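Worksheet: one structure, shown below.
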């Protein structure tokens, strides 16, 4: 889908009597779901753009967000339900109808929307984007859905993996990876449920640019146990400190990572953020160091040019470069502190990235693990004696966490784990007996961040 159906349209109903008459909230939700599923759009980037064009009020924007994000999260469950009422495989259904059914089923089964409204409003969208004939088909299927309880009691007899996959709308390989770490199906189920709950955005005051006091005065709520973190009940892109780039949107798990790494700082060190885009951790590190140590140096690297531009917006331009970080020869300097926030499956951020669970497959893991390994190798070569590497992933998958730790230590005998538990000012959530840290969404109300500190001896 190119562009937007909402350009220059008034609020409320979109078209006059006698023509397709969808509400803007449903239409925007459909646009987002379709663009994410068919064009590879990122929901967190595209939705604010669509909402800005829509001229909707705050309540309608909130409804749209709930509908669009919820549909993306739960579409595995919705596909299972839809398959009961169609005469072919769901994969063989027209893509527009697929996404229309998902939106309709989400309203019927997951939201406080009257059945008749869920059906009629979805059908109006269908008339506009797919035509009368396909709209009739959508109407027929959704009416069958409303006539059923959709309690999925038949899942009770399935093995845990299959049952949880449908019930909580997660691919089986992801659920299996969670169980590998948690070793408890009840804990896995709690995690899956937490992943399906929308999270109010966390924000961070960048030292020297804003303060927690200011954020609270403007309506945010400070998060207990954090000096610079707050929770925002609203839209970040409409919050002045965010607009002015004096604060950032950043999950508390990522803030914990940065703050834990900063507890290792001494005066006059050189710092490298090796994989900095889009810039959240880089900004927090940079502004913290600028405020507390004028002799420290900081360099952010992001190999993808357009992501490097995002980093430049929150870090001084001259302190951002764009190299292939797996080749240490691209860097002319060595460093005392290196953050390797490595590309990963993102399985720890499924509640905030509704489409992420459908974007990656088990086949992507091998390539990512190889990249992570190569980044760690490069960081080792760029590390000064007595220096520290912070290896971080937003994933609890064992191959991206414990597996990488064991492999790195086996290859570099002069490196050892610096236990996070020994750092006096560090956050202790998720700290394990081996000195690493693994946060969990259902336990820590954060993304599932993994962190380990490697120290070079001599």
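The values are calculated or read from the model by the stated rules, or taken from the named source; none is laboratory data. Remember, predicted model here, so these are calculated numbers, not experimental data. All Cβ positions, glycine included, derive from the backbone under ideal geometry; neighbour counts span all protein chains shown.
Which members of region 312-336 meet the condition of being out of contact with any strand residue (DSSP E or B) (no Cβ under 9 Å at 6 or more places or on another chain), without any contact (Cβ under 8 Å) to a residue 12 or more places away in the chain and either under 15 Å from residue 282 (Cα atoms) or not in a loop (DSSP other than H, G, I, E, B) (or both)?
317, 318, 329
Of the conditions (1) farther than 17 Å from residue 262 by Cβ; (2) buried (at least 18 other Cβ atoms within 10 Å of the Cβ); (3) within 27 Å of the chain's Cα centre (by Cα), residue 415 clears all except one; give me its number.
Evaluating residue 415 over (1) farther than 17 Å from residue 262 by Cβ; (2) buried (at least 18 other Cβ atoms within 10 Å of the Cβ); (3) within 27 Å of the chain's Cα centre (by Cα) leaves (3) as the failure.
Scan region 316-325 and tell me whether some residue there is outside the structural domain of residue 72 (by TED's automatic domain parsing), out of contact with any helix residue (DSSP H, G or I) (no Cβ under 8 Å at 6 or more places or on another chain) and at pLDDT below 95.
Scanning region 316-325, I find at least one residue that is outside the structural domain of residue 72 (by TED's automatic domain parsing), out of contact with any helix residue (DSSP H, G or I) (no Cβ under 8 Å at 6 or more places or on another chain) and at pLDDT below 95, so the answer is yes.
Right, residue 276: buried (at least 19 other Cβ atoms within 10 Å of the Cβ), in a loop (DSSP other than H, G, I, E, B) and in contact with a strand residue (DSSP E or B) (Cβ under 8 Å, 6 or more places away or on another chain) or not?
Criteria met by residue 276.
Within the group 102, 112, 163, which residue is within 30 Å of residue 232 (Cβ to Cβ) and free of Cβ contacts under 8 Å to residues at least 12 places away in the same chain?
None of the other options fit; the residue is 112.
Can you tell me how many residues in region 430-452 are assigned to a loop (DSSP other than H, G, I, E, B) and surrounded by fewer than 20 Cβ atoms within 10 Å (Cβ to Cβ)?
5
Quick check: is even one residue across region 162-169 at pLDDT 95 or above and under 30 Å from residue 316 (Cβ atoms)?
no
What's the number of the only condition in (1) out of contact with any helix residue (DSSP H, G or I) (no Cβ under 7 Å at 6 or more places or on another chain); (2) touching a residue at least 60 places away in the same chain (Cβ under 8 Å); (3) surrounded by 16 or more Cβ atoms within 10 Å (Cβ to Cβ); (4) over 25 Å from residue 252 (Cβ atoms) that residue 309 fails to meet?
Result: residue 309 fails condition (2) only.
Going through region 259-292 one residue at a time, which ones are out of contact with any helix residue (DSSP H, G or I) (no Cβ under 9 Å at 6 or more places or on another chain) and closer than 22 Å to residue 245 by Cβ?
Within region 259-292, 290, 291 meet the criteria.
Here is a check on your reading of the model: is residue 67 within 23 Å of residue 249 (Cα to Cα) and in contact (Cβ under 8 Å) with a residue 24 or more places away in the chain?
yes
Test residue 101 against the stated conditions and say whether it is under 30 Å from residue 242 (Cα atoms) and buried (at least 22 other Cβ atoms within 10 Å of the Cβ).
Judged against the criteria, residue 101 is not a match.
Is region 41-52 home to any residue that is without any contact (Cβ under 8 Å) to a residue 24 or more places away in the chain, within 15 Å of the chain's Cα centre (by Cα), in a helix (DSSP H, G or I) and crowded, with 21+ Cβ neighbours inside 10 Å?
yes
In region 378-418, which residues are assigned to a loop (DSSP other than H, G, I, E, B) and free of Cβ contacts under 8 Å to residues at least 24 places away in the same chain?
Matches in region 378-418: 413 only.
Going by the conditions given, is residue 127 touching a residue at least 12 places away in the same chain (Cβ under 8 Å), over 30 Å from residue 440 (Cβ atoms) and surrounded by fewer than 19 Cβ atoms within 10 Å (Cβ to Cβ)?
No, not satisfied.
Give 268, 234 a once-over and let me know the one that is within 20 Å of residue 352 (Cα to Cα) and without any contact (Cβ under 8 Å) to a residue 60 or more places away in the chain.
One residue alone meets the criteria, 234.
For residues that are touching a residue at least 40 places away in the same chain (Cβ under 8 Å), more than 18 Å from residue 288 (Cβ to Cβ) and in contact with a strand residue (DSSP E or B) (Cβ under 8 Å, 6 or more places away or on another chain), scanning just region 178-225, find the one that is surrounded by the fewest Cβ atoms within 10 Å (Cβ to Cβ).
181
Pick from 365, 339, 375, 285: which is assigned to a strand (DSSP E or B) and within 30 Å of residue 194 (Cβ to Cβ)?
After ruling out the rest, the residue left standing is 339.
Which numbered condition in (1) modelled with pLDDT under 95; (2) assigned to a helix (DSSP H, G or I) is the only one that residue 73 fails?
Failing condition for residue 73: (1).
Can you name the number of the only condition in (1) modelled with pLDDT under 95; (2) at negative phi; (3) not in a helix (DSSP H, G or I) that residue 150 fails?
Among (1) modelled with pLDDT under 95; (2) at negative phi; (3) not in a helix (DSSP H, G or I), the lone unmet condition for residue 150 is (2).
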